[in-house]
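Trainee: Right, I'll just put the structure down here and ask away after.
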């Protein structure tokens with residue numbers, strides 16, 4: 001018994017610590033776990049909703065929520081034009097290691113009021129942080145200009161969006177937000193992250209996956225183009241020639257009759 | 001009506017694309033140009049990624065050219081023999097052009113060189129044509145009976161290896177058409193288009209072919225060039241979007257039929273004035289892009305689909 005007691009105490013202590021660390025838990029879900037891209041796909045709206053379970057002294061005090069949805073990351077090249085001998089040409093280019101094809105952030109209050117810079121750096125929450133740009137400075141002098149341009153261009157076409165006050169708090173433990181997926185999204189595994197914050201520190205988080213897939217005809221055409229490129233090319237040509245012939249024949253018929 | 005394109009991965013308005021295809025089809029049927037030089041920039045504007053626009057554009061050109069050429073076949077305004085000779089030269093030229101293209105690519109700035117190429121070439125061809133055809137138009141309007149002159153005998157008629165091109169009413173050496181086909185092939189490969197808008201003036205002014213035959217013959221040889229280029233894009237880059245192509249070609253084939261109709265109602269000189277104006281307009285647009293400060297200096301390209 002004597003030997004067992006310290007072990008039990010240690011275990012209890014460990015459990016106690018874990019329990020203290022897990023005093024807050026975010027439980028959340030998405031209104032759908034997969035988005036099907038069909039022929040008439042024109043964007044989609046995802047509802048993210050959840051609740052915070054909390055025990056301990058802080059329970060019941062106000063907290064903040066940040067929801068991010070990120071598309072698959074891919075390498076991107078950003079080019080800049082400059083005037084050379086009177087004409088505008090691409091002079092500089094920067095390769096960005098990985099930038100999400102889609103990124104949406106929704107918060108319940110203004111970002112700088114609820115998120116500290118260290119937390120942002122640690123968890124890559126804001127858009128500039130979500131873009132991985134290692135070794136940028138070695139490529140050009142003003143590398144930031146290029147990431148800013150990337151963000152500006154993608155915000156303009158709706159691929160990157162920030163919705164401060166997008167999260168609604170329904171009573172204390174419940175929250176919800178709508179994330180709009182634009183019609184020009186590409187397929188892949190999208191990641192939804194939900195952060196619960198207090199005093200600009202993240203105290204709990206939750207991650208979920210959203211599967212964006214082409215289905216039906218879209219899927220079939222895409223697969224054929226990738227896997228049977230020769231057949232696909234010939235099929236495209238056959239359709240083109242048949243259509244050309246068909247139109248010609250139809251017009252002759254119309255004119256003839 | 002919004003349609004999601006499986007390869008381009010964007011959602012587009014179907015009617016807008018039908019209209020676009022139709023517009024290019026009309027021009028194609030009228031002038032015997034594939035319309036690639038017009039369609040591709042218009043597709044960029046509609047939000048299609050450049051690589052997909054170029055590849056799918058080629059596929060649509062096959063459709064509208066087939067539609068147009070069939071109308072010309074019935075009217076017997078296609079010089080098949082000339083088409084094949086031009087094509088033979090074109091294949092050699094295209095192979096050379098691709099070599100040149102890769103060389104330019106190694107030097108960097110290939111886009112800029114292409115644009116400069118376009119501007120200079122279109123500028124020269126367009127202005128020469130405009131001046132010539134306006135003069136011809138004025139001559140035909142003033143009712144002075146044209147003094148009968150034998151068709152000009154330039155250097156084209158003095159070379160050996162003569163061949164009879166019945167549809168064109170020509171009896172000339174095969175070397176000039178081969179050379180014309182070859183140089184257009186080089187240009188087409190470098191600039192990524194069928195080359196109709198260069199081929200048409202070359203056939204009129206260098207080979208001395210009658211304008212009516214030129215349009216059909218040009219369409220005939222564009223079909224092969226565009227089909228080859230479609231297949232190449234589909235196999236190497238997987239960038240041909242079948243749904244996009246379908247939308248464009250429905251508009252295109254109908255447009256080409258109307259274009260052919262309009263073309264036959266116009267006088268040869270009028271047709272040439274209009275083509276010259278079109279060529280100069282495209283030239284002006286490209287020149288303006290180079291000279292005017294763009295509103296957005298930055299551009300993004302996904303490294304995967306590098307164009």
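The values are calculated or read from the model by the stated rules, or taken from the named source; none is laboratory data. This structure is a prediction, so every number in the text was calculated from the model and none was measured. So basically every Cβ, Gly included, is an ideal-geometry build from the backbone, and we count neighbours across all protein chains shown.
Trainee: How many of the residues in the stretch B:234-293 are assigned to a helix (DSSP H, G or I), closer than 30 Å to residue B:123 by Cβ and touching a strand residue (DSSP E or B) at 6+ places or on another chain (Cβ under 8 Å)?
Mentor: Qualifying residue count, the stretch B:234-293: 3.
Trainee: Mind telling me which of the residues A:202, A:167 ends up being more than 14 Å from chain B (Cβ to nearest Cβ), touching a helix residue (DSSP H, G or I) at 6+ places or on another chain (Cβ under 9 Å) and either without any contact (Cβ under 8 Å) to a residue 40 or more places away in the chain or more than 30 Å from residue B:220 (Cα to Cα) (or both)?
Mentor: A:202
Trainee: Continuing with this model, one more query. Given the conditions (1) in a loop (DSSP other than H, G, I, E, B); (2) in contact with a helix residue (DSSP H, G or I) (Cβ under 9 Å, 6 or more places away or on another chain), report the number of the one that residue B:44 does not fulfil.
Mentor: (1)
Trainee: Right, something else. Suppose we keep only residues that are touching a helix residue (DSSP H, G or I) at 6+ places or on another chain (Cβ under 6 Å) and either within 30 Å of residue B:74 (Cβ to Cβ) or at the interface with another protein chain (Cβ under 7 Å from one of its Cβ atoms) (or both) within the stretch A:213-229. Which one would you say is surrounded by the most Cβ atoms within 10 Å (Cβ to Cβ)?
Mentor: A:225
Trainee: Can you name every residue in the stretch A:23-60 that is surrounded by 17 or more Cβ atoms within 10 Å (Cβ to Cβ) and part of a loop (DSSP other than H, G, I, E, B)?
Mentor: Scanning the stretch A:23-60 gives A:39, A:41.
Trainee: Name the single residue that is nearest to the chain's Cα centre (by Cα) among those in the stretch B:112-142 being farther than 28 Å from residue B:41 by Cα and in contact (Cβ under 8 Å) with a residue 40 or more places away in the chain.
Mentor: The extreme case among them is B:132.
Trainee: Please state which of the following conditions residue B:227 fails to meet, knowing it meets all the rest: (1) surrounded by fewer than 24 Cβ atoms within 10 Å (Cβ to Cβ); (2) under 16 Å from the mean Cα position of the chain (by Cα); (3) more than 8 Å from chain A (Cβ to nearest Cβ).
Mentor: Evaluating residue B:227 over (1) surrounded by fewer than 24 Cβ atoms within 10 Å (Cβ to Cβ); (2) under 16 Å from the mean Cα position of the chain (by Cα); (3) more than 8 Å from chain A (Cβ to nearest Cβ) leaves (3) as the failure.
Trainee: I would also like to ask the following. Given the condition within 14 Å of chain B (Cβ to nearest Cβ), over 16 Å from the mean Cα position of the chain (by Cα) and modelled with pLDDT of 85 or more, answer yes or no: does some residue in the stretch A:41-59 qualify?
Mentor: Looking for residues that are within 14 Å of chain B (Cβ to nearest Cβ), over 16 Å from the mean Cα position of the chain (by Cα) and modelled with pLDDT of 85 or more, one finds at least one in the stretch A:41-59, hence yes.
Trainee: Would you mind finding the one in A:63, A:102 that is touching a residue at least 24 places away in the same chain (Cβ under 8 Å), within 12 Å of the chain's Cα centre (by Cα), crowded, with 20+ Cβ neighbours inside 10 Å and under 30 Å from residue A:166 (Cβ atoms)?
Mentor: Unique residue meeting the criteria: A:102.
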